[in-house]
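First comes the structure, then the notes that go with it.
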Amino acid sequence: GKLCDLTGWWENDLGSKMHVLKVDSEGNFSGEYHTAVSSTDKPIQPSPLVGSQHLDKDGQCTFGFTVNWKKFSDSTAVFVGQCFSGDNGNEVLQTSWLLREKVDSLPSDWKATRTGHNTFIRT
Ligand SMILES: CC(=O)N1C(=O)N[C@@H]2[C@H](CCCCC(=O)O)SC[C@@H]21
């Protein structure tokens, strides 16, 4: 299928949106993550993301990106995933993520990392 270029807007099953500005010739990209879910009472604001994708000809490339939730908290999330061409030709991103929240002390380190998985489609 067509090369899977991540440039553009994506939405996941939580309603969170990812905007990839442009992918360079090395597969590196940057953008913004607009989460739809907040565990704080702070207003939700876009957070910067940087990542890298493969540029395989089959259009089913793997990628990874990091979100620095600088406006929200001291958390950092890393996403990894793969782009698939759905049966109707639409692209689907299957992702897993690790979220690292900042904890006050080493004894709390055990509870600082959460994981999740999300599916994104183009909006
Ligand atoms: C407090 C804080 O940092 N965050 C918060 O309350 N919501 C965002 C992220 C929500 C999970 C990401 C999954 C998704 O939106 O698709 S975890 C870090 C950030």
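The values are calculated or read from the model by the stated rules, or taken from the named source; none is laboratory data. None of these values were measured; they are calculated from a predicted model. Ideal geometry is used to build each Cβ from the backbone, glycine not excepted, and the neighbour counts take in all protein chains shown. Each accessible area value is taken on the protein alone, full model and side chains, heavy atoms only, with ligands, DNA and RNA left out. Shrake-Rupley method; radii C 1.70, N 1.55, O 1.52, S 1.80 Å.
When VAL80, VAL92, VAL37 are screened for being within 17 Å of ASN118 (Cβ to Cβ) and assigned to a loop (DSSP other than H, G, I, E, B), only VAL37 passes. The criterion of being small (Gly, Ala, Ser), within 15 Å of the ligand (Cβ to nearest atom) and without any contact (Cβ under 8 Å) to a residue 12 or more places away in the chain does not hold for SER47. Being surrounded by 13 or more Cβ atoms within 10 Å (Cβ to Cβ) and among the β-branched types (Val, Ile, Thr): is that true of THR35 here? The answer is yes for THR35.
Being more than 14 Å from the ligand (Cβ to nearest atom) and under 15 Å from CYS4 (Cβ atoms): is that true of GLN94 here? Walk me through it before giving the result.
On the way: more than 14 Å from the ligand (Cβ to nearest atom): no; under 15 Å from CYS4 (Cβ atoms): yes.
It is false that GLN94 is more than 14 Å from the ligand (Cβ to nearest atom) and under 15 Å from CYS4 (Cβ atoms).
Yes/no per residue for (1) within 16 Å of LEU14 (Cα to Cα); (2) modelled with pLDDT of 95 or more; (3) open to solvent by less than 40 Å² (accessible area, probe 1.4 Å):
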position: SER39; (1), (2), (3): yes, no, no
position: LEU55; (1), (2), (3): no, no, no
position: THR76; (1), (2), (3): no, yes, no
position: VAL80; (1), (2), (3): no, yes, no
position: GLU91; (1), (2), (3): no, no, yes
position: ARG100; (1), (2), (3): no, yes, no
position: ALA112; (1), (2), (3): no, yes, yes
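SER108 - would you say it is without any contact (Cβ under 8 Å) to a residue 60 or more places away in the chain, over 16 Å from LEU3 (Cα atoms), open to solvent by less than 70 Å² (accessible area, probe 1.4 Å) and outside any strand (DSSP E or B)? Yes, satisfied. Does region 9-27 contain any residue that is surrounded by 19 or more Cβ atoms within 10 Å (Cβ to Cβ), without any contact (Cβ under 8 Å) to a residue 40 or more places away in the chain, assigned to a strand (DSSP E or B) and among the aromatic types (Phe, Trp, Tyr)? No. Considered as a group, the residues in region 56-80 that are within 12 Å of the ligand (Cβ to nearest atom), among the small types (Gly, Ala, Ser) and within 16 Å of the chain's Cα centre (by Cα) include one that is nearest to GLY27 (Cα to Cα), and that residue is ALA77.
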